[in-house]
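Taking it in order: structure first as C-alpha cells, then the write-up.
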C-alpha cells in the first residue's frame, strides 16, 4: 500500500466519512484451516442461530406444528434457503467495505437520516419488544410454580422477565468484545440444545413423526384450512433468523474482522474490553490481483459459516423441537400464550416423570435465554453503528469511543423493554414481530441489489442468479407481509 493510501486510511479512522471510501489492502485470510482454526473464525452464524432457535423454533414453530401439523415445515425449507442467499449478499458488501449493510443502505438516496430512522424504527418494532425475555421467564415461572403458568401467573412471569432482560444486558458487558461473548454463549447453546434434543427425540419420538417431519420439508404450498394468518406469517418470518436479525449478521461479521472489516475495528465490552477506535466509514481494496485472491479466501469462510452453520443449524433447529412437541402434545391443541416455553413439559412428564418436567424447562430456559441475549444486542448494535456512521456530533460526544454510545443505548433499551413488558403476552409479541420481519427482509433484499451494484466493482459482485434469489426474497417475504397487513391490520 502506498503512502497516499495509508494517509487516506488514517484520515478515515480519525475523522468523518465522506462519499468516497479509503483505499487499502485486504487483510490476509486464515490459511490451512483445521477444526480449531475454523472454530475460531466462524461465529456470526451461530449467534444468529442462538437468536432464532428461541423465537421461531421453540415458540412459533411448535405453536404452528401442534395446531396444524408438520406439513408446514416446507415454509422453513424456503425461508431458510432464501435467507442464506440474503445473508451472503448482504455480507458481500461488508467483506468488501468493512461496513455493516445498514450503513450501506444509509449511503443511498434519500439519505442517511431517512434510512437510519426507518431501520431504527423497524428494528425496535421487530426485535425491540421483549417477547423473548418473557418467553424465557415462562420456563422459570413453571419451575417455581410447579405448573405451566397461565394468565393468573402473569406477575410471576413479569418478575422473571425483568430479571432475564437485565441479566442479559449485564452479560454482554463482559469479555473482550460483545461479539465474542455472544459467540461463546451461543456455541454452548448450540451444542447442548441440539445434541440434547436429538438424543431426546431418538428416545421419545415415534418413527412415523420423524417421517412426517421429513416429508413436511418438501410439502411445498400446503396451507391448512382455517390457518391463523398471524402464526403462519410468523413461521415464515422467524424460520432461520428473520428481518433485522439478518441485517445484524453483517454487524457481527464486521466485529469478527471478516474481509476489510479487519481494518475497521469492533465494539468492545464494557468490562474487560479495551478502548477500540472504530472507523466511522468503510475501506475498499486496491484493484490488484493479490486483493482479489484474498477476497476469495474470505468469501470461502463466509460461505462455510452460512451454509455449514446457519443453514444446517436452522433446519435442525426447527425440526428437532417441532417433532418433539408434536409427539408429546395432542394434535390441534392451542398452546398457552403465557406458558408456551414450558408446554413440552406436560408431555414429557408422562414419559419421563418429574425428570421430564425439569428437562423440558431446562431446554426451554436455555434456548430462550440465548435468544433474548442475542436480540438485546442486535437492536442496540445496529443503532450504534448507524449513529456512528451518520452523526459526527455523536462521534465527537463519545470522543471517538464507540463503546460509550453502545452502552448508553443499551441502558435506554433495557428501560424500554421493562416498560413494554406490561403491554401484552409473549406469543402475541413474537408473532407480530415476526410478521414485521417479513417486511424487513423484503426491503433489505432489494436495497442489497442496489448497494452492491452501486459500490462494488464487477469482479466482486454477485451473479445474476444471486440477484434473482434476492428478488425471490422480496416476493416471498413481501407476499406474507402483505397478507398480514390485509387480513390482520386493515380488517381489525
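The values are calculated or read from the model by the stated rules, or taken from the named source; none is laboratory data. From a predicted model like this one, the values you see are computed outputs, not experimental measurements. Cβ sites come from the backbone with ideal geometry, for glycine too, and all protein chains shown count toward neighbours.
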- Task: Filter the range 23-82 for residues that are farther than 24 Å from residue 327 by Cα, assigned to a loop (DSSP other than H, G, I, E, B) and modelled with pLDDT of 90 or more and give the result.
- Result: 25, 26, 27, 28, 29
- Total residues in the range 393-412, condition in contact with a helix residue (DSSP H, G or I) (Cβ under 7 Å, 6 or more places away or on another chain) and outside any helix (DSSP H, G or I): 1
- Task: Please work out which one of (1) assigned to a helix (DSSP H, G or I); (2) more than 20 Å from residue 311 (Cα to Cα) is the condition residue 110 fails and give its number.
- Result: (1)
- Query: From the list 211, 194, 174, which one is surrounded by fewer than 22 Cβ atoms within 10 Å (Cβ to Cβ) and in contact with a strand residue (DSSP E or B) (Cβ under 7 Å, 6 or more places away or on another chain)?
  - Reply: 174
- Only one residue in 98, 116 is touching a residue at least 40 places away in the same chain (Cβ under 8 Å) and buried (at least 24 other Cβ atoms within 10 Å of the Cβ). Which one? 98
- Condition test on residue 438, is it within 25 Å of residue 320 (Cβ to Cβ), part of a helix (DSSP H, G or I) and at pLDDT 90 or above? yes
- State yes or no: is residue 218 in contact (Cβ under 8 Å) with a residue 12 or more places away in the chain, loosely packed, with under 15 Cβ neighbours inside 10 Å, outside any helix (DSSP H, G or I) and touching a helix residue (DSSP H, G or I) at 6+ places or on another chain (Cβ under 9 Å)? yes
- Note on the structure: Among residues of the range 228-285 being out of contact with any helix residue (DSSP H, G or I) (no Cβ under 6 Å at 6 or more places or on another chain) and closer than 30 Å to residue 64 by Cα, the residue surrounded by the fewest Cβ atoms within 10 Å (Cβ to Cβ) is 228
- In the range 283-319, which residues are part of a helix (DSSP H, G or I) and farther than 19 Å from residue 83 by Cβ? 289, 290, 291, 292, 293, 294, 295, 296, 297, 298, 300
